[in-house]
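Trainee: Take a look at the following structure, please.
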Amino acid sequence: HALMLVRQHHFETGILTMLRTLNMQHEIFQYHTKEFETGATKDKRDAAKRELFATCEAADRSKSEVSRQMWVALASLLVRSKDDCSADVTRLLQKVEQDDLLPPVAVVDMLGSCSQLPLRSVRSYIVSMIKREQSRIDKLQVDVADLTEKNRKCRDEIHELQTTAVVFQSSKCQ
């Protein structure tokens with residue numbers, strides 16, 4: 001009832017306090033998203049952006065799907081922003097890479113839609129992801145080679161059992 005009351009009277013501080021008390025991270029995120037999108041001045045948008053990062057980090061402690069969705073939504077907001085958010089995008093990409101929140105192709109696709117984002121903001125992420133994928137490929141190739149060798153040995157053993165005589169004899173007398 002208290003949350004409805006503070007919303008009814010547009011008491012912004014009260015709304016945020018109630019949402020934090022009720023641990024409604026997604027609602028807090030939506031509140032700051034609205035502030036970020038409709039902020040009249042750059043200072044208001046920057047304050048909202050800081051709060052969005054803080055909200056995502058607070059929700060991240062729960063390691064839930066909602067947390068992942070909030071980080072993805074934040075990435076989308078930063079890409080659509082009319083302000084220069086290259087430093088924030090770099091910070092966000094570090095988080096995406098650290099927790100593997102999105103496939104690299106989805107990240108590049110999302111960031112590619114922002115014409116004002118300089119390549120230097122995403123270069124380290126792309127290089128890092130290429131190295132990570134290459135190491136995964138190398139490991140898988142080693143695994144495939146090992147399994148191929150095991151398979152060849154099993155086939156040779158089966159062929160030997162099918163084509164040659166094998167004496168099964170117990171060496172222990174009773």
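The values are calculated or read from the model by the stated rules, or taken from the named source; none is laboratory data. Here the structure is a predicted model, which is why all the values come from computation and not from measurement. Cβ placement follows ideal geometry from the backbone for every residue including glycine, while neighbour counts extend to all protein chains displayed. In case anyone asks, the SASA skips ligands and DNA or RNA and just uses the protein heavy atoms, side chains included. Shrake-Rupley method; radii C 1.70, N 1.55, O 1.52, S 1.80 Å.
Trainee: With every protein chain kept in the model, how would you rank 168, 11, 36 by accessible area, 1.4 Å probe, largest at the top?
Mentor: Putting 168, 11, 36 in descending order of accessible area: 168, 11, 36.
Trainee: Right, next: Starting from the exponent 0.38 and prefactor 2.2 Å, build the expected Rg for the chain from its residue count and divide its actual Cα Rg by it.
Mentor: 1.78
Trainee: So, one more: What full-extension length gain, to one decimal in nm, is calculated for residue 163 and residue 11 as 0.36 nm per residue of separation minus the Cα-Cα distance? Before the final figure, lay out the partial values.
Mentor: Working: separation 152, 0.36 × 152 = 54.72 nm, distance 8.70 nm.
Stretched out fully, the residue 163 to residue 11 stretch lengthens by 46.0 nm.
Trainee: For the stretch 92-174, what is the largest minus smallest coordinate of the Cα atoms on each principal axis, given in angstrom and ordered from greatest to least?
Mentor: That works out to 84, 28, 15 Å along the principal axes.
Trainee: In the neighborhood of residue 12, defined by Cβ-to-Cβ distances under 15 Å, what is the net charge if each Lys or Arg adds +1 and each Asp or Glu adds -1? Could you put the intermediate results ahead of the total?
Mentor: Details: positive: 7, 20, 34, 44; negative: 27, 35, 51.
Result for the neighbourhood of residue 12: +1.
Trainee: I've got another one for you. Over the stretch 1-117, average the accessible area per residue using a 1.4 Å probe and give it in Å², no decimals.
Mentor: 59 Å²
Trainee: Still on this model: Roll a 1.4 Å probe over the protein heavy atoms and report the accessible area of residue 70 in Å², nearest 10.
Mentor: Surface accessible to solvent at residue 70 totals approximately 0 Å².
Trainee: Can you give the alpha-carbon Rg of the stretch 1-99 over 2.2 N^0.38 Å, where N counts its residues?
Mentor: Dividing the Cα Rg of the stretch 1-99 by 2.2 N^0.38 Å gives 1.10.
Trainee: In debye, nearest 20: dipole of the chain around its Cα centre with unit charges on the Cβ of K, R (+) and D, E (-)?
Mentor: For this selection, approximately 160 debye.
Trainee: Taking the Cα atoms of the stretch 46-117 alone, what are Rg (to one decimal) and Dmax (as a whole number) in Å?
Mentor: Here Rg and the maximum Cα pair distance are 11.6, 34 Å.
Trainee: On a full-extension model of 0.36 nm per residue, what is the gain between residue 143 and residue 84, subtracting their alpha-carbon distance, rounded to one decimal in nm?
Mentor: That pair, residue 143 and residue 84, stretches by 16.8 nm at full extension.
Trainee: Now, a different point. Of the trypsin sites (Lys or Arg not before Pro) in the stretch 1-103, which ones lie in a loop per DSSP and count no more than 14 other C-beta atoms within 10 Å?
Mentor: Here the sparse-neighbourhood loop sites are 61, 63, 82.
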